[in-house]
Amino acid sequence: MNRIEEMKERAEKLNKLLIGKPYSIKVHECFKNNIMKVGYSLYDRQNHAAPTLYFENLKDYWNSDEDIISYLDSVYEANANVKINPSEILTHDNILSRVKPKLVADSNIGYVEKSKIVHKRFLDMLVLFYIDIPEFDECATVTLKEENIMQAGISVEELYDNAVAHIDDDYSINDIRRIICQMLEPELQCDALLDDSDNPYMLVASNTEKLHGASVMLSKRVLNELSICLKGDVIIIPSSVHECIAIPATGESPDDIREIVREVNDTEVALEDRLTYSIYLYSNGSLNIY
């Protein structure tokens with residue numbers, strides 16, 4: 001029995017044990033970068049939703065029905081005062097004011113089309129769109145599907161333009177030396193250790209949440225700022241779906257950089273956080289595969 005079948009069978013058993021409680025669970029299959037995941041969504045009797053809990057959330061309780069239900073109870077209680085009907089948050093104005101982009105490799109096109117997820121091609125990647133649901137106690141998002149924007153009367157281009165505009169208002173660029181310094185010695189004033197006369201060699205770009213931050217590659221404002229900081233053409237290296245690295249397009253062999261990207265992806269980056277094995281060149285105002 002595979003994981004999906006196991007979780008579906010377990011859900012039937014758990015729902016019988018949940019009779020009398022104010023909620024039940026529904027099996028929810030969801031595309032996550034490079035993989036399909038299955039989880040349990042909690043719904044109260046008025047069909048208001050709570051965050052979806054994937055197997056990774058449940059594995060510590062999996063061997064005991066009592067432990068799983070206790071954990072489900074805690075999640076439900078933490079969100080009991082949040083009454084969200086998905087159809088109420090997927091309105092025209094709400095989508096356009098909250099929408100953010102995320103990048104996945106175009107090898108995911110089968111999953112994306114099967115799930116009818118809204119997407120736009122970008123180089124050897126796909127741009128997907130999501131909105132945060134900050135009302136929940138836990139981090140929760142909704143990846144937009146074709147039916148969502150059709151019902152809201154929004155075109156893919158309008159969605160894309162608003163999502164990229166939100167990047168321009170929410171990005172961060174940091175010298176990797178400062179990041180390393182803050183990781184190793186968080187109490188130190190790292191700026192004092194960096195000679196401002198030194199030219200930065202490696203910059204890390206993301207959004208302020210560090211969630212799906214590689215999407216900053218879609219922003220001309222971000223790319224131009226990287227080019228100004230690095231004083232010329234820039235090589236963009238997607239270290240994960242959550243951030244990218246920028247270095248000057250001088251001195252390093254593209255083949256050597258690609259080999260490093262491949263090795264790091266295969267040994268250090270979790271499958272669902274992996275973006276592509278490509279590197280990209282930003283030159284003369286245009287980003288292309290290098």
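List of remarks:
- Here LEU271 passes the criteria (1) surrounded by 14 or more Cβ atoms within 10 Å (Cβ to Cβ); (2) of a type outside the set (S, T, N, Q); (3) in contact with a strand residue (DSSP E or B) (Cβ under 8 Å, 6 or more places away or on another chain) except the one numbered (1).
- Within the range 225-259, considering residues that are in contact (Cβ under 8 Å) with a residue 12 or more places away in the chain and in a helix (DSSP H, G or I), the one surrounded by the most Cβ atoms within 10 Å (Cβ to Cβ): LEU226
- Selection status of VAL127, assigned to a strand (DSSP E or B), touching a strand residue (DSSP E or B) at 6+ places or on another chain (Cβ under 6 Å) and at pLDDT 95 or above: yes
- Filter result (in a loop (DSSP other than H, G, I, E, B) and open to solvent by 20 Å² or more (accessible area, probe 1.4 Å)) within the range 80-116: ALA80, ASN81, VAL82, LYS83, ASN85, LEU90, THR91, SER115, LYS116
The values are calculated or read from the model by the stated rules, or taken from the named source; none is laboratory data. Keep in mind that what you see is a predicted model, and the values were worked out from it rather than measured. For neighbour counting, all protein chains shown are included, and Cβ atoms are generated from backbone atoms with ideal geometry for every residue, glycine included. SASA here: full protein model, heavy atoms, side chains in, ligands and nucleic acids out. Shrake-Rupley method; radii C 1.70, N 1.55, O 1.52, S 1.80 Å.
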